[in-house]
1. Would you mention how many residues in the range 102-153 are in contact (Cβ under 8 Å) with a residue 40 or more places away in the chain and among the small types (Gly, Ala, Ser)?
2. Name the residues in the range 37-69 that are assigned to a helix (DSSP H, G or I) and farther than 19 Å from residue 86 by Cβ, would you?
3. May I ask you to list the residues in the range 164-184 that are touching a residue at least 60 places away in the same chain (Cβ under 8 Å) and open to solvent by less than 20 Å² (accessible area, probe 1.4 Å)?
4. Considering only the range 20-30, I want to know if a residue exists there that is over 18 Å from the mean Cα position of the chain (by Cα) and outside any loop (DSSP other than H, G, I, E, B).
5. I want to confirm something. Restricting to the range 222-237 and keeping residues that are open to solvent by 50 Å² or more (accessible area, probe 1.4 Å) and assigned to a helix (DSSP H, G or I), which single residue is modelled with the lowest pLDDT?
6. Taking the range 145-167 only, how many residues are within 18 Å of residue 43 (Cβ to Cβ) and among the polar types (S, T, N, Q)?
7. What do you reckon, is residue 92 polar (S, T, N, Q), assigned to a helix (DSSP H, G or I) and at pLDDT below 90?
8. Identify all residues within the range 185-203 that are open to solvent by less than 20 Å² (accessible area, probe 1.4 Å), among the aliphatic types (A, V, I, L, M) and over 16 Å from residue 80 (Cβ atoms); write none if there are none.
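The values are calculated or read from the model by the stated rules, or taken from the named source; none is laboratory data. Note that the coordinates shown come from a computational prediction; the quantities given were computed from them, not determined experimentally. Cβ sites come from the backbone with ideal geometry, for glycine too, and all protein chains shown count toward neighbours. Surface accessibility is based on the protein's heavy atoms, side chains included, excluding ligands, DNA and RNA. Shrake-Rupley method; radii C 1.70, N 1.55, O 1.52, S 1.80 Å.
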Amino acid sequence: MGAQPPPRLGVIRRERLAFTLALPFVILLAASFVSWPWRALGVPGVFGTLAPPTIVLLALVIAASMYALRSNLPVAMLTWLPAGQGAILMLTTGFLGGTPDASLGIAVIIAYGFVYLLVLGIAVVVAGDSAKLAIAFVAFFVLTQATRFPIFEADVATPIASASFFTLLAGARAVAEITALVWLARRLVETPDEEAWKPALAIAALAFAHGLIASWEGPLLRGELSLAAVAEQTLRWVWLVTIQLGPAAVLIRFRRAGQGHSP
């Protein structure tokens with residue numbers, strides 16, 4: 001009996017692939033949702049802006065990302081490591097949440113820069129196999145921010161009418177974005193490399209689009225919801241994504257060129 005060719009990843013894991021890719025982002029979403037009633041009802045035990053179950057779930061994502069790293073980051077676990085890096089930032093900013101000390105704000109920025117450099121370094125390594133997977137890897141990290149949403153019952157200085165409705169709307173926004181992300185991630189993994197640039201670019205576009213989709217949340221929290229405030233919020237996010245994806249694209253291109261590959 002002749003040797004059989006190895007099965008394709010998309011065939012042997014088709015039923016499990018979406019679940020595997022979605023799992024870390026679903027846990028990040030759950031971490032945000034479990035915090036909602038805890039903080040809205042003023043239940044004791046909150047650390048910064050983190051409810052105890054939120055801390056446990058974020059720690060679980062970090063542990064899962066370490067497992068993916070020890071497993072040499074299989075393509076089906078492509079979302080796990082960037083989700084874990086995002087969870088580290090959520091823990092950092094959450095513990096410091098609500099603190100007026102400006103020096104702590106600087107510490108958060110430094111922490112974000114440090115984690116981003118780790119993500120960038122891993123993306124450059126991934127680029128040795130696929131530039132499309134590498135740029136998507138960085139976009140996954142950026143989109144961990146989409147799993148968070150404000151709790152308008154607790155995060156505003158001045159109470160607003162229909163606060164629970166706005167929190168629900170923001171939570172629905174997060175679910176919709178992550179659903180789209182998982183669908184694109186599955187397409188990215190299952191698509192042949194020569195065509196994978198399409199879902200990879202779509203994932204990067206989703207990272208940019210988050211700024212517009214969630215642009216009303218920040219201004220409403222500050223009590224200054226207006227077209228100008230929404231536009232400013234959107235442009236600020238687009239700039240932040242540009243300075244993260246831009247250097248990644250350049251370094252990935254250099255890595256591919258150094259190996260004699262096409263971008």
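1. Looking only at that region, the number is 9.
2. 37, 38, 39, 40, 52 - these are the residues of the range 37-69 that are assigned to a helix (DSSP H, G or I) and farther than 19 Å from residue 86 by Cβ.
3. Scanning the range 164-184 gives 167, 171, 174, 178, 181.
4. No, that holds for no residue.
5. Per the criteria, the residue is 222.
6. 2
7. yes
8. Hits for the range 185-203 are 196, 200.
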